[in-house]
1. Taking the dipole about the Cα centre of the chain, with the C-beta of Lys and Arg at +1 and of Asp and Glu at -1, give me whichever of G116, G57, T82 is farthest to the positive side.
2. Within 10 Å of each residue's Cβ, count the other Cβ atoms and sort D99, D93 from fewest upward.
3. How many angstrom lie between the Cα centre of segment 93-112 and the Cα centre of segment 152-194?
4. Quick one: compute the contact order of the chain, relative version, from alpha carbon pairs under 8 angstrom and 6+ residues apart, as a percent.
5. Hey, got the dipole for the chain? About the Cα centre, +1 on K and R Cβ, -1 on D and E Cβ, debye to the nearest 20?
6. Among the listed pairs K30/K121; K66/K121; K40/K66; K71/K121; K24/K66; K33/K72, give every one whose C-alpha distance is greater than 27 Å.
7. Highest mean first, what order results for 27-38, 80-91 on Cβ atoms within 10 Å?
Amino acid sequence: MSLKTELININQVKANPNNPRTIKDEKFTKLVKSITDFPKMLELRPIIVNDDMIVLGGNMRLKACKEAGLKKIPVIKASDLTPEQQKEFIIKDNIGYGDWDWQVIQAEFPEAEEWGLDVVKFDIDTEVDYSILDEEDINDQLKDMADGVKKAIQIEFEAEHYEDAYALVKFWREREAYVGGMIMEYLKAEKEKL
């Protein structure tokens, strides 16, 4: 079986409405920059679509291609996949099975961060000092560290409200507001009305 890459009008490709992956803010900006800086990458890793031109692999790349202003994009049609295989492909295409070897990245790919990778930086020659674990009582230090950590809440909402919710959270975060606190105050006030 030989898969054929086609260069087609970007408006023919439809984002998958059931795509389980998202990309936000800085990572999306990095993806757009990656496509702009290295468009050849799209030829080497085209967007995968079904016969209805719905994306099976590459929803975030499609979104970034639109943002970058591309008019045509390379796609491969996965015509021989059953509906169940299409669903399986969507998940398996997005699983990151491996982990980065940060020492190799730092030594061999110093430009990786410029290419969009969020690089964990450390001094390769530095030994980790584990002596703090030898102390008899580190509970106070652990409590101090935990006190500085923000806790999170998760609020469920229907998929059609995602864009509105995202826009609201972004709006308040840009104004340095603590969104979780605002939500809790609103929910408390609504509870008191009941």
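1. T82
2. Least to most surrounded, the residues fall as D99, D93.
3. 35
4. It rounds to 19 percent for the chain.
5. Roughly 1700 debye, rounded to the nearest 20.
6. Checking Cα-Cα distances, K66/K121; K71/K121 exceed 27 Å.
7. 27-38, 80-91
Quick note: the coordinates plus some simple rules give every number you see, no bench work behind them. These figures come from a predicted structure and were not determined experimentally. Cβ atoms come from the backbone with ideal geometry, glycine included; neighbour counts cover every protein chain shown.
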